[in-house]
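The values are calculated or read from the model by the stated rules, or taken from the named source; none is laboratory data. In this text the structure is predicted, and so the values were computed from the model without any measurement. Cβ atoms come from the backbone with ideal geometry, glycine included; neighbour counts cover every protein chain shown. The area values use the complete protein model at the heavy-atom level, side chains included, leaving out ligands, DNA and RNA. Shrake-Rupley method; radii C 1.70, N 1.55, O 1.52, S 1.80 Å.
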Amino acid sequence: MTTVTKWALGVAVLVVAVLVAVLTTRGASKDAPAATGDLTAARSQAALQACPPPSPGPAVGQLAGIQADCLGDGSRVDVGKVLAGGPTLVNVWASWCTPCRVELPVLQDYAKEPGAVRVLGVQVASSAADGLGLLKDIGVHLPSVYDGGDQIGPIRTALKVPSNLPASYLVTPDGQVRFISSPRAFVSTDQVRAAVKDFS
């Protein structure tokens, strides 16, 4: 085998390795990180509602195929399928977010009202244990999924979530995802009802 052939073979192997790494990373980017550690006790104390079951209809386009842990029981869900068939109010929150502590109980009160749309929380940029602890402390039991403790996650990327939290979106029955910019944080159920009505 000539030196040129050896070099060509080495370069080919390197190119294949790089391609495999890139394709593996792209495939994994649709998965939110799992909530790690033994969260059994924290989940029991938080007593969250179960995540909605997947809809038989088409998945919400920009969230199709994104997998995340249901914070309440750790089951893996397809976020695009869970949100299909809306309407659903999606609220992105973190355990360290002060306005989130005010907003989450408001959203729970709204969710209990007759005629309310479904509400699904998305915990971000904080550990699952901290999120479960916050929900227990403030007495909120809304279903939530976990998008990872880092500053970026697949759900946040798909929704183009701004850096300042909380952030809310309405998923319409036809699968459109609409960012709620006013108000940025709900402080009353009247505001939630008005926002849902505006985007429905």
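Data overview
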{"item": "Cα-based shape type of the range 56-183, given that a ≥ b ≥ c are square roots of the gyration tensor eigenvalues and the cut on a/c is 1.5", "result": "rounded"}
{"item": "Integer Hz, Karplus 6.51/-1.76/1.60 couplings in order for the range 119-124, x for Gly and Pro", "result": "10, 10, x, 10, 7, 9"}
{"item": "Heavy-atom accessible area ranking, 1.4 Å probe, most first, across 186, 199, 179", "result": "179, 199, 186"}
{"item": "Amide H contacts of residue 167 (H built 1.01 Å from N, under 5 Å, at least 5 apart or other chain)", "result": "92"}
{"item": "Where a label projected 7 Å from the Cα of residue 184 along Cα→Cβ would reach, residues of the range 108-148 with amide N under 18 Å", "result": "124-125"}
{"item": "Local electrostatic count, residue 89, Cβ distance below 15 Å [Lys/Arg +1, Asp/Glu -1]", "result": "+1"}
{"item": "Candidates per chymotrypsin sites (Phe, Trp or Tyr not before Pro) in the range 71-125, loop by DSSP, up to 15 other Cβ within 10 Å", "result": "96"}
{"item": "Alpha carbon centroid spacing (whole Å) that separates the range 67-110 from the range 123-145", "result": "9 Å"}
{"item": "Anisotropy class of the range 27-131 from Cα gyration tensor, a/c 1.5 cut", "result": "oblate"}
